[in-house]
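These notes concern the structure reproduced below.
The values are calculated or read from the model by the stated rules, or taken from the named source; none is laboratory data. Here the structure is a predicted model, which means the values were calculated and not measured. Positions of Cβ are backbone-derived with ideal geometry, glycine not excepted, and every protein chain shown enters the neighbour counts.
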Amino acid sequence: MVHDLYILMITAGIVALLFKLLKQPVVLGYIVAGILVGPHLFGEKLVDMENVETWGNIGVLFVLFCIGLEFRLKNMFESGKVALVGAATIVLGMLVLGYGVGRFALLDNMNSIFLAAMLCMSSTTIVMKAVDEAGLSKARFVKGATSILIFEDIVAVVLMVLLSSIAVGNNFEGTELLEKVGILAVTLVVWFVVGILIIPTLFRWVRSYLNDEILIVLSLGLCLGMVLTAEEAGFSSALGAFVMGMILAETKEAHRIEHLMTPLKNVFAAIFFVSVGMMINPTSLVTYWDSILFVAVVIIIGMILFGTLGCWWGGETLKDAMMTGFSFVQIGEFSFIIASLGSKLGVTDPVIYPIIVAASVLTTFLTPYIMKAAEPCYNFLYAHASDSLKAKIDAREKQVEEAEKAAATATKDEGSSSADKVRHAVRKTVVTKRVVDLFFRNMSENDEQPKE
């Protein structure tokens with residue numbers, strides 16, 4: 001086991017360093033490292049695939065736990081319509097497009113559904129990294145884009161649960177699927193509400209005793225406890241890790257936990273991406289190059305189209321909507337997880353996995369260049385737009401600017417958070433005032449978090 005870990009880590013480190021020197025995402029380096037140490041180049045004896053798979057599964061849990069830690073109800077409330085409409089448009093549009101691509105490729109229903117799920121969401125990690133490297137982290141569109149990505153992450157976790165149920169039962173009955181969605185929704189609400197009521201309160205009681213060592217051990221224990229709870233309830237372990245991350249995100253210790261988890265997440269995430277690469281047969285990339293290129297083009301065009309439309313319908317300016325759509329032109333970690341899920345359950349065609357991974361690599365590589373094309377494309381579209389369309393674009397720009405000024409004035413005058421307003425409204429309609437007050441007090445703890 002130590003030998004396997006040595007081979008994985010030293011190869012991943014060297015290849016990732018080379019990719020960093022070439023100014024490419026290190027995630028791509030991990031995937032290439034996986035191809036190098038995989039069974040298709042040097043034989044199965046180089047590393048034990050079972051050990052790698054075990055570490056990769058742990059990596060998935062830590063990645064989803066950390067994604068949950070980045071979840072903030074306050075940010076979602078503030079983004080509101082843009083996040084909801086934008087995410088719904090992108091996910092639904094790409095699901096339909098992905099399913100259509102599957103049927104066009106003569107895949108059966110199960111393969112087409114899994115393919116659609118793999119194509120319907122962008123990579124939070126890659127988008128944020130590309131935005132940061134482009135010097136756009138303070139740009140106006142970033143806030144809405146981040147909220148959309150959070151919604152997509154939630155949808156991805158829910159999709160994983162539903163896909164597992166569909167694959168195991170091999171059942172597409174609408175009523176049964178709706179029943180499962182309903183059970184999942186109720187379970188998530190109960191877990192989240194109970195967790196928000198209990199855990200932040202307990203953390204406040206013992207806060208003076210929580211040094212970094214105890215905090216990280218306790219957080220991981222809570223994460224794994226929720227993982228076991230999710231498995232006992234018949235859901236995926238990934239759901240449990242994500243939910244516990246969301247709960248801990250509403251504590252005052254969220255930023256500390258996120259900071260302490262980062263090294264651990266990076267190590268196991270690297271192992272996960274290496275395990276992804278190990279499942280790729282390099283000869284399949286040559287054999288299916290046309291399919292890889294086709295899927296990559298579908299992802300790019302679909303994400304630009306649905307991302308732009310969704311953000312425009314959600315109330316953003318056309319320029320911000322296009323900036324968001326052009327930054328979402330890739331698939332990433334959740335696509336790999338869903339692809340791995342389909343392979344492990346034995347319900348997807350083996351050829352889908354390398355095509356999806358290769359398409360992700362290609363679109364990730366192209367993301368920075370496509371992002372740079374957003375503003376020129378907007379200028380071209382505006383210059384050639386009809387007078388009526390120009391009037392709508394200008395009116396939306398003015399509307400958004402006025403809304404931003406009004407929000408800034410309201411915040412300065414009132415000095416109350418969104419959670420305070422919701423708490424005030426709910427107190428008048430709910431009998432259990434103390435429970436409601438405790439919930440919103442815990443939920444809004446991050447509003448009081450001092451900035452570092």
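Summary table
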| quantity | calculated |
| --- | --- |
| The range 217-245 residues that are more than 17 Å from S165 (Cα to Cα), paired with ones that are charged (D, E, K, R) and part of a loop (DSSP other than H, G, I, E, B) (beta carbon under 9 Å, 6 or more apart) | S219/E253; G245/E70 |
| Hits in the range 313-336 (condition: part of a helix (DSSP H, G or I), buried (at least 23 other Cβ atoms within 10 Å of the Cβ) and touching a residue at least 60 places away in the same chain (Cβ under 8 Å)) | D320, A321, M323, T324, S327, E333, F334, S335, F336 |
| All positions within the range 116-145 that are of a type in the set (S, T, Y), surrounded by fewer than 20 Cβ atoms within 10 Å (Cβ to Cβ) and under 12 Å from the mean Cα position of the chain (by Cα) | T125 |
| Test: T432 is in the same structural domain as A296 (by TED's automatic domain parsing), at pLDDT below 90 and either surrounded by fewer than 17 Cβ atoms within 10 Å (Cβ to Cβ) or under 19 Å from L305 (Cβ atoms) (or both) | no |
| Flag if I271 is in contact with a helix residue (DSSP H, G or I) (Cβ under 8 Å, 6 or more places away or on another chain), more than 19 Å from F65 (Cβ to Cβ) and β-branched (V, I, T) | no |
| Test for I292: is it assigned by TED's automatic domain parsing to the domain that holds I355, farther than 19 Å from G59 by Cβ and buried (at least 24 other Cβ atoms within 10 Å of the Cβ) | no |
| Filtered residue count, the range 96-115, keeping only those that are within 18 Å of T363 (Cα to Cα) and either surrounded by fewer than 22 Cβ atoms within 10 Å (Cβ to Cβ) or not assigned by TED's automatic domain parsing to the domain that holds I166 (or both) | 2 |
| Hey, V361 surrounded by 12 or more Cβ atoms within 10 Å (Cβ to Cβ), in the same structural domain as W289 (by TED's automatic domain parsing), assigned to a helix (DSSP H, G or I) and modelled with pLDDT under 85 or not | yes |
| Residue list for the range 337-358, restricted to those being of a type in the set (G, A, S) and assigned to a loop (DSSP other than H, G, I, E, B) | G346 |
| Residue in the range 181-198 that is farthest from T54 (Cα to Cα), counting only those that are surrounded by 19 or more Cβ atoms within 10 Å (Cβ to Cβ) and over 21 Å from the mean Cα position of the chain (by Cα) | I196 |
